[in-house]
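Everything on this sheet refers to the single structure shown next.
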Amino acid sequence: MLLKQRIHLLRVCVAILWLAFFWLGFTLFSNLEIPVRHLPRAIKTIIRAYGAWGPLCILGLYFVRSVFFFIPTTVLTLVSGSLYGPFFGTILNVVGENMTAHLSFGIARLFGRHFVRAHEHGWVKKYDDLLKQEGFLAILFMRALYFPFDLVNYGSGMTGITYRQYAFGSFFGLLPPIVTLTILGDAFTNPRALILFVILFVVTVGGAFFLRRSSWVKRRLYSKHVEEDVSF
């Protein structure tokens, strides 16, 4: 009983912090009155203004956008690549995107998992069982195939996937898209990088589709513990 009370108190505290961050972000965004199409340029200008503290500013924006969805992750990835190049930009984006993914997953697990567990049935339960057993591969493919970032974060948190599967699947699955989009960001100042972006994009998506259709992966995903065929 005491444990349930503590969990409830934790949920209340996190909800208050989430609402505070959301209200603050919404207020700032409204006051700035920045059109969506000018958002990348505005973020780039802000980060440049912080000089040597720019990388920390980017990580701070990644943290804030975990609960404030008006800043797309792709925008931050492109801006990092444009400002800091393919190497250091990739490092920043790997840290930032994984931080966002973990925070979003934790929020969804704290608030949504108990509800899904109490009401899951039919195809929802089959997908949940699949993620419990083969979550690493499922997350790996969804990340590599550019599935909506926040949908994967929050959706996974409400399923029975273990944190370890989610963390490793996200890390390795996000690497190819992060490198690809960071290079695309660098292409804004270095046009030759555009060719490398196209090559990496084709290799990443093509490789993910090839692995998904391989017999080994099908044996792993559609194993004995899943009563019916389920694809994602």
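Every listed requirement among (1) assigned to a helix (DSSP H, G or I); (2) surrounded by 20 or more Cβ atoms within 10 Å (Cβ to Cβ); (3) free of Cβ contacts under 8 Å to residues at least 40 places away in the same chain is met by I161 save one, (1). Residues in region 117-133 that are open to solvent by less than 50 Å² (accessible area, probe 1.4 Å) and modelled with pLDDT of 70 or more: D128, D129, L130, L131.
Taking region 164-189 as the region of interest, how many residues are open to solvent by 40 Å² or more (accessible area, probe 1.4 Å), touching a Ser or Thr at 6+ places or on another chain (Cβ under 9 Å) and free of Cβ contacts under 8 Å to residues at least 60 places away in the same chain?
The qualifying residues number 1.
Condition test on S66, is it surrounded by 13 or more Cβ atoms within 10 Å (Cβ to Cβ) and at pLDDT below 85? Answer is yes for this residue. Put simply, of V95, V75 the only residue that is open to solvent by 40 Å² or more (accessible area, probe 1.4 Å) and either more than 15 Å from L151 (Cα to Cα) or modelled with pLDDT under 85 (or both) is V95.
The values are calculated or read from the model by the stated rules, or taken from the named source; none is laboratory data. Only a predicted model underlies this, so the values are computations on that prediction, with no experimental measurement involved. Every residue, glycine as well, gets a Cβ built from its backbone with ideal geometry; the counts of neighbours run over all protein chains shown. Calculation scope for accessible area: heavy atoms of the full protein, side chains included, ligands and nucleic acids excluded. Shrake-Rupley method; radii C 1.70, N 1.55, O 1.52, S 1.80 Å.
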